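Trainee: Take a look at this one; I'll ask things after.
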Amino acid sequence: MNSLRVATYNIHKGVQGLGPARRLEIHNLVHAVEQFDADLVCLQEVRGVNRKMQRAFAHWPAGDQANFLAPEGYEAVYRSNVITRHGEHGNALLSRWPVLGHGHHDVTDLRFERRGMLHVTLQVQQRPVHVVVVHLSLIPASRARQVQALGRFVQQHVPDHEALVVAGDFNDWDQRLHKPMALLGLHTFEDIRLPTFPARLPLLYLDRVYVRGLRLLHAQVPHGKAWRSMSDHLPLIAELGWP
């Protein structure tokens, strides 16, 4: 295998619309994930359990959305960031490669926002690869502190000589995080325009894949009516190469 394909997608909890127009999109998202044909799929706003949605939709999946979305043969890892009166949601990783271990690191910085990082270690062709799935704060100063927390976490848990992928929804409207991420040795696609939000008229490059110890080869954002309907974000798909 000469490359590693990584997709990141904020799935908006598998539901779109408001009020009477609200509709279940999780079944369409199954086909979307299959179309990625990605080695790794990093997901944000993934439901674990939600009793309110179970009552509202007859075809609501019986288990958590991560396992429901995982193509045959993939391993699914899900960890909750937010627990509410009706259920929970968080980040997930779907992997074509064996999972060696995983953990959750709380990076909550504000009382009204629960945020966490999902860290998964994989075995990819006899090489360890670390993946961190993130969904950062809506507040710029909080995002900056969360990147600092990411740096401390990486320093403690990811050896310098092992490959690292950090992917997810960075909520970084003005791209201020490129520099602090680069100071951590993490780089992303900066020379091409890859807006992913809002899905109906994408203007903002919120969803990203940063890497250390891997090469950035190519990235794309799928477009079209179906993609505009499934979530408020579009997915980003990146091809990565070995050094």
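Trainee: Sum -39500 (n - 2.57) across every DSSP H segment of at least 4 residues in the chain, then divide by the residue count to get the 222 nm mean residue ellipticity, nearest 500.
Mentor: Using -39500 (n - 2.57) per qualifying helix, the result is -6000 deg cm²/dmol.
Trainee: A follow-up question, please. Given (i) 165; (ii) 124; (iii) 144, which label gives volume of the Cα convex hull per residue in Å³ as computed from the coordinates?
Mentor: Computing volume of the Cα convex hull per residue in Å³ and matching it to (i) 165; (ii) 124; (iii) 144 gives (ii).
Trainee: Which whole-number percentage describes the relative contact order of the chain, with Cα contacts under 8 Å and a sequence gap of 6 or more?
Mentor: The normalised contact order for the chain reaches 21 percent.
Trainee: Run the paramagnetic zone check for ARG193: 7 angstrom along Cα to Cβ, then residues of the range 210-243 with backbone nitrogen under 17 Å.
Mentor: Zone members listed by number: 219-224, 234.
Trainee: Taking the chain as a Gaussian network, where each spring joins two C-alpha atoms under 10 Å apart, which residue of ARG47, ARG79, ARG22 fluctuates the most?
Mentor: ARG22
Trainee: Please find, in a Gaussian network model of the chain (springs between Cα atoms separated by less than 10 Å), the residue of ALA182, ALA66, ALA167 whose mean-square fluctuation is greatest.
Mentor: Answer for the Gaussian network model of the chain: ALA182.
Trainee: Still on this structure: Quick check for me: using +1 on Lys/Arg Cβ and -1 on Asp/Glu Cβ, what's the dipole size of the chain about its Cα centre, in debye to the nearest 20?
Mentor: 720 debye
Trainee: Now a separate question. Using a 10 angstrom cutoff on alpha carbons, build the Gaussian network for the chain and name the most mobile of ALA219, ALA144, ALA56.
Mentor: Highest fluctuation of the listed residues: ALA56.
Trainee: What does DSSP give for the chain in terms of the percent of beta bridges that are antiparallel, rounded to the nearest 5?
Mentor: 80 percent
Trainee: Still on this model: Under a Cβ-Cβ cut-off of 9 Å, what is the net charge of the residues other than ILE26 that fall near it, where Lys and Arg count +1 and Asp and Glu count -1?
Mentor: In short, +1.
Trainee: Work through the residues other than LEU43 whose Cβ is under 12 Å from its Cβ and net out their charges, Lys, Arg +1 and Asp, Glu -1.
Mentor: -1
Trainee: Please report the projected area of the range 1-43's Cα convex hull averaged over all directions, in nm².
Mentor: Taking a quarter of the hull surface, the average projection is 3.2 nm².
Trainee: For the range 100-243, what number results from the quotient of the Cα radius of gyration and 2.2 N^0.38 Å?
Mentor: So the range 100-243 has a normalised radius of gyration of 1.04.
Trainee: Cβ under 10 Å from ARG143's Cβ, ARG143 left aside: what net charge do those residues give with Lys, Arg +1 and Asp, Glu -1?
Mentor: Once positives and negatives cancel, what remains is +1.
A short reminder: the numbers here are calculations on the coordinates, not readings from a lab. All of these numbers come straight from a predicted model, not from anything done at the bench. With ideal geometry, Cβ positions are generated from the backbone for all residues, glycine too; neighbour counts draw on all protein chains shown.
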